[in-house]
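Rule-based calculations on the coordinates, nothing more; no lab input. This one's a predicted model, so the numbers in the text were calculated from it and none came from an experiment. Here the Cβ is made from the backbone with ideal geometry for all residues, glycine too, and neighbour counts use every protein chain on show.
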Amino acid sequence: MKSKFFIFLFLTLNLFSLNLEEEVKSRKFPIYYIKNTPYISIKTFLKIINAENWAKIEDRVFVFIDDTQIKFRIDDNNLIYGGRSFELKNPAKEIEGDVLIPLSDFSQIFSGYTPSTKKIFEEVKLNSENKNNKFIIVIDPGHGGHDAGAIGNYGLKEKDVNLDVALRLEKYLKKQLEKYSNIEIYLTRREDIFISLEDRVNMAKALNANIFFSVHTNSSRLNRENATGFETFYPYSKAEVNYLPKSINGEGEIIEENNPDPILSQIVNNLNETDVIDESRILAEIVQEKLAERLITPDRGAKRGNFYVLKYTPMISVLTEIGFICNPVIEINLKDVEVRQAIAETLGKAIVEYLKKRNFVD
Ligand SMILES: [Zn+2]
């Protein structure tokens, strides 16, 4: 009885604030000193904040927690957390394949970090039974940063439409799939930043995603003002098909993990290239079907497309083009928050319908 009380108290206290330095010391995690500055392994940090998904791509490190991302580079003093930029007095280091982060800088930045109750309960559940039994959807808002994508006559930028629709889609899906704690949704970007196509693919791989869903707004060189409609692409071919849970080590090598046996992931893990393309086509067709029910613009169909993110992601992948931003009438529509919300919900309905069709959800 007494011990239960203490466990409860520990969790409750944890909700208010995070003292990283104290957690590290009291839980006896190793501390490394570089020129007298204390550092901890990124794995220690992840354990303390209850996050487990992260990716290291060349010198860039991404950590995915709840609805936000932490990003920083090795030997660089800038860190982005929840869209805000922080200055690190001491940059992160990479030593023998391990990413080391400065303890006092991180302690300051994350002192206000409060893991939500929901997250703690989910964590307990995941640890007890279905840790590996996850289904991961990565939503990819196309373009960003210096790459605006297509730009409309009135100045609306594709990158902004894509991001806004993707964030709305995420919100809708999280609500719809709330009761399935093993389904997780991530975005390749949550802000107006540039991310290369390669990094988008690498993130999906590092997350062991099951579905990669890219959102774009198209533009036509011919017939610019009158081009209209929506279309969804699925891959011609896949450069690799590898569903076994894997992670990327410090050198960027892919390491296989030993425990790929949960039933859910087995279903999707045992697909060959033809199956993955077929599944992508089915998802693309559902997306088109749902958009056709909702939009008055023409249905240009589900078709094969030779896009980098479709070819190089080893999972089910589609790229949807929700409308022609180069058409002034469509551009005005895409500026409208209600139209974006309707499109996001429609894309969400399509994903849920696909999951139902495959009995991933009921
Ligand atoms: Zn685009």
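The residues packed around Arg281, meaning those with a beta-carbon under 10 Å from its beta-carbon, carry a net charge of -1 if Lys and Arg are +1 and Asp and Glu are -1. Placing unit charges on the Cβ atoms of the charged side chains and taking the dipole of the range 132-357 about its Cα centre, the candidate lying farthest along the positive direction among Ile136, Thr228, Ala239 is Thr228. Among residues other than Thr188 with Cβ under 10 Å from its Cβ, the summed charge is +1 (Lys and Arg +1, Asp and Glu -1).
Across the range 16-109, Cα pairs under 8 Å and at least six residues apart give a relative contact order of 23 percent.
Remark: spin-label model distance Lys43-Asn223 equals 5.6 nm, labels positioned 7 Å along the Cα→Cβ axis. For Tyr154 and Arg294, a Förster radius of 22 Å and the Cβ-Cβ distance give a FRET efficiency of 0.40, rounded to the nearest 0.05. Between amide H atoms placed 1.01 Å from N, distances below 5 Å from Ala92 occur with Asp75, Asp76, all of them 5 or more places distant or on a separate chain. Ranking of Ile330, Ile42 by neighbouring Cβ atoms within 10 Å, starting from the fewest: Ile42, Ile330. Between amide H atoms placed 1.01 Å from N, distances below 5 Å from Phe86 occur with Leu79, Ile80, Tyr81, all of them 5 or more places distant or on a separate chain.
Once the chain from Arg60 to Ile34 is taken as fully extended at 0.36 nm per residue, the excess over their C-alpha distance is 7.4 nm.
All other residues whose Cβ lies under 9 angstrom from that of Glu94 are scored, Lys and Arg at +1 and Asp and Glu at -1, for a net of -2. Extending 7 Å from the Cα toward the beta-carbon at both Gln341 and Val361 defines two label points whose distance is 2.0 nm.
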